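See below for the structure under consideration.
Nothing in this text is a laboratory measurement; each read-out follows from the coordinates by a stated rule. Computed from a predicted model, the values in this text were never measured in an experiment. Virtual Cβ from ideal backbone geometry, glycine too; neighbours counted across all protein chains shown.
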Amino acid sequence: MTKAIAPALRALLEGLIDYAGTFPPAALPCGAAASNYTTYRAGDHAWALRWLVVSAADVDRLPSEFDGSLSVLADTDCPRAAALETKRVVTAPRPVYCEVPVTALPEVKAAGCFAKVRTGGVKPDAVPSVNEVAAFIRACADRQLPFKATAGLHHPVRAEHPLTYEADAPRAVMHGFLNVFLAAAFAWNGDRDIVPILAERDPTAFRFNDKAHWRDRSLETAEVRDARTNFAHAFGSCSFEEPLRDLEALGLL
């Protein structure tokens, strides 16, 4: 029997995960990642899935029958990215997310693009500090600039984890996607005191019913949904299943 999902949690998680199975540490072949995406899209948690992320070089390696929603990663500047074309037919416009320093966010906004923040990687020094992530979120909120996150958000709550799936993988304290996206929702709704939310390591500090709660602060479901729709869009993850398993282990799914 599927557990009933609290309305505020559903609003926080809906369409939250961009599946990036071809990227490290999963590093799957393009066909395998596309097959996984198709399976997930037909599964019980399809509502938490957004796009399949592939590199520009992999677009033409996708199976010809693939008809899912696609996000293409290109290493170029914002104006050029906005003008990129592929051989595949694009049935709907896609926003362009640019990974740049906080100081360059005005240029991203001026180009009509959205922002992207890297929240981890396969080495400890790739993980930004809580203060750096907070500064990015605040700067985007100040400019009403939507963003997505990429890398290192496999787990719901901030904690120490291995950075890859190898037995001898380096470990680091990784950001949690509940931390990041609830902090973003608070920032979008005018509460910029988000460092404590990003730094939280106690899963019980996060509660969901008809509101989303962090300790003694809360947001209405409609406020969470507004933040997700208009501001904090998604995060890229090389695993779709791992974030969901962790949520189940916490009793949230």
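Observations on the structure shown:
- About its Cα centre, the dipole of region 162-201 is roughly 60 debye, where the only charges are +1 on Lys and Arg Cβ and -1 on Asp and Glu Cβ.
- Once backbone amide H atoms are built at 1.01 Å from N, Ser55 has Leu73 as its partners under 5 Å, excluding neighbours fewer than 5 places away on the same chain.
- Mean ellipticity per residue at 222 nm, deg cm²/dmol - from DSSP H runs of n ≥ 4 across the chain, formula -39500 (n - 2.57): -9000 deg cm²/dmol
- In the chain, taking the dipole from charged Cβ atoms about the Cα centre, the farthest positive-side position among Leu28, Thr204, Val173 is held by Thr204.
- Couplings 3J(HN,Hα) for region 199-216, derived from phi with the Karplus relation 6.51 cos²θ - 1.76 cosθ + 1.60 (θ = phi - 60°), are 8, 4, 10, 9, x, 6, 6, 9, 9, 9, 8, 7, 10, 9, 10, 10, 6, 9 Hz, where x marks Gly and Pro.
- The DSSP beta bridges internal to region 16-249 are antiparallel in roughly 35% of cases.
- Rel. contact order, % - alpha carbon contacts under 8 angstrom, at least six apart, the chain: 25
- Restricting attention to the chain, lysine pairs at least eight places apart or on different chains and with alpha-carbon atoms under 22 angstrom apart total 4.
- Amide H partners (placed H, <5 Å) of Val117, local residues excluded: Lys148, Ala149, Thr150
- With the simple spin-label model, which puts each label point 7 Å out from Cα in the Cβ direction, the Leu250 to Ala27 separation comes to 2.9 nm.
- Across the options Ala111, Trp188, Cys98, the greatest Cα extent toward the positive end of the charge dipole of region 16-249 (unit charges at beta carbon of Lys, Arg, Asp, Glu) belongs to Ala111.
- Here r is the Cβ-Cβ distance between Thr204 and Glu107 and R0 is 35 Å; the resulting FRET efficiency, rounded to 0.05, is 0.30.
- Charge dipole (Cα centre; +1 on Lys/Arg Cβ, -1 on Asp/Glu Cβ; no other charges) of region 181-253 amounts to roughly 100 debye.
- Anisotropy class of region 195-253 from Cα gyration tensor, a/c 1.5 cut: oblate
- Percentage, to the nearest whole number, of Cα pairs in region 16-249 over 23 Å apart: 48
- Net length gained if the chain between Glu220 and Lys3 were fully extended (0.36 nm per residue, minus Cα distance): 76.0 nm
- Here region 16-249 is treated with +1 on each Lys and Arg Cβ and -1 on each Asp and Glu Cβ, and its dipole about the Cα centre works out to around 380 debye.
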